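Asks: Sharing a structure here in C-alpha cells format.
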Amino acid sequence: MEISVLEYHKKDKKVYSQLDGHFHSVYEIYYFISGDADIMVEGKIYPLKPHTLFLISPGVLHGIRVNSRADYVRNVLFLSPDNLMPERRQLLTDLMPNGKKKRSPEVLYEHTEAYHLDDFFYQLHRLDDQPAEVREMLSPIFLEALLAQIHLLARELKPATLVNALPDKMLEIIHYVNGHLTENQTLDDIASHFFISKNYLNASFKKYLGTTTMDYVRNKRIILAKQAMLNGASAMDAALQSGFTDYSSFYRAYVKYAGTSPRSDMN
C-alpha cells in the first residue's frame, strides 16, 4: 500500500462557504501553511492559523471551510500503519489520536514553524516522480523522519483546543443518532423523535457537520462494519451487525465510502 501525499503547496482561489464533511479509513496528517480557513471535527470548529498541524483518526467526520480568495496553502498526508515497517508502526499509532495516551479523535498544534514540517512533506512529495522501486525503498524512511519530528513537536508543544460550535439541541440529536446506529431508523424517525421537520434536521446536519443526516448514519455504520470485519466477522455479518438491513445497500455504501469492496478489504 503506497502512501498518499496530496495538494503540496497548492494555491486555490476557490471559496468553500459550506463545510464539506467527510471521513477517511486511514489516518490524516494535515499541515496548514497559509490562507483563510476553518477546520471542523464532529461539530467543533477551529479557525486555522499559519503553521497549524492537525492529526485526524480514521472514521472521524471533518471538513474544511475556505472563507476568502486568499491563497490556501496546505499539505495533506494520508497513511496507514501498513505504510511503515512492523517495528516502526508504533510511531504512528502512539502519536495519533485514539492512541493509548489520547482520548480525543483529533489533536491540533499551533506555531510549529520551528519544526520545518514543510521540508519533510517536500521530501515525501518528491517521491511521486521516482520509480516504484525507489518509492518502496524510501517511503518508510521519509515517513519515519516526519513522524519522529512530530513526536518531538508533541513533547514540546501543548495541543490547542477546538471550540464546540454545536447548540445543545444539536449535541442531543447527534448523541441520540450515535446511540442508535444499529437500529433501523429513518430520517422521519429521527425527526419525529425530536418533534422537528426532516428538512430542518437535514439543514442542521449540513450546517454544523457538512453532511446530510443519513449520510452521517451510513458512514458511521461503515466504520462499525470495518471494525467488525477486522475482528473476524464476515462481510454479511458485519453489515447486519452495523445496522444495514441487506447486503446490497451495505455494499453500495461501502464502495462509496471506502472506494473498494468489503471483501477486498478483508484480504
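Asks: Using alpha carbons only, how many degrees (0 to 90, rounded to 10) separate the axis of helix 247-258 from the longest principal axis of the chain?
Replies: Helix 247-258 sits at roughly 30 degrees to that axis.
Asks: With contacts defined as alpha carbon pairs under 8 Å and 6 or more residues apart, what's the relative contact order of the chain in percent?
Replies: Taking the mean separation of contacting Cα pairs over the length of the chain, I get 19 percent.
Asks: Show me the three semi-axes of the equivalent ellipsoid for segment 166-266, from the C-alpha gyration tensor (sqrt of 5 times each eigenvalue), largest first, rounded to whole Å.
Replies: Taking √(5λ) for each Cα gyration eigenvalue gives 27, 13, 12 Å.
Asks: Right, another one. Between segment 139-157 and segment 74-94, what is the separation of their alpha carbon centroids in Å?
Replies: 10
Asks: Using Cα-Cα distances under 8 Å and only pairs 6 or more residues apart, what relative contact order does segment 166-266 have, in percent?
Replies: Relative contact order for segment 166-266 comes out at 24 percent.
Asks: When the helices in the chain are scored as -39500 (n - 2.57) per DSSP H run of 4 or longer and the sum is shared across all residues, what 222 nm value do you end up with, to the nearest 500 deg cm²/dmol?
Replies: About -13000 deg cm²/dmol.
Asks: Please give the length that would be gained between GLU113 and ASP71 if that part of the chain were fully extended, namely 0.36 nm times their separation in residues minus their C-alpha to C-alpha distance (nm, one decimal).
Replies: The span from GLU113 to ASP71 would gain 13.3 nm if fully extended.
Asks: Return the loop-located GluC sites (Glu not before Pro) in segment 136-229 (DSSP other than H, G, I, E, B) with at most 14 other Cβ atoms within 10 Å of their own Cβ; answer none if there are none.
Replies: Passing both the DSSP loop test and the Cβ count: GLU183.
Asks: Can you list the residues, at least 5 places off or on another chain, whose amide H is less than 5 Å from the amide H of VAL107, using H built in the peptide plane?
Replies: Amide H neighbours of VAL107, under 5 Å, 5+ apart: LEU55.
Asks: Still on this structure: Round to the nearest 10 and give me the degree value, 0 to 90, for the angle of helix 213-230's Cα axis relative to the longest principal axis of the chain.
Replies: For 213-230 against the chain, the angle is about 70 degrees.
Asks: I need the Kirkwood Rh of the chain: take the reciprocal of the average 1/r across all distinct C-alpha pairs and report it in angstrom.
Replies: 19.9
Asks: Mind ranking 63-70, 250-257 by how tightly packed they are, going by the mean number of other C-beta atoms within 10 angstrom, highest first?
Replies: Averaged packing, sorted descending, gives the order 250-257, 63-70.
Asks: Can you give the extra length, in nm with one decimal, that the chain gains between GLU133 and LYS198 once fully stretched, where that is 0.36 nm per residue apart less the Cα-Cα distance?
Replies: Full extension from GLU133 to LYS198 adds 18.1 nm.
Asks: Using 0.36 nm per residue, how much length does the chain from LEU171 to ASP94 gain when fully extended, once their Cα-Cα distance is taken away?
Replies: Between LEU171 and ASP94, full extension yields an extra 24.8 nm.
Readers should treat all values here as calculations from the given coordinates under stated rules, not as data from a laboratory. Predicted, not measured: the structure shown is a model, and the values here were computed from it. When we count neighbours, we look across all protein chains shown, and the Cβ atoms used for this are built from the backbone with ideal geometry, even at glycine.
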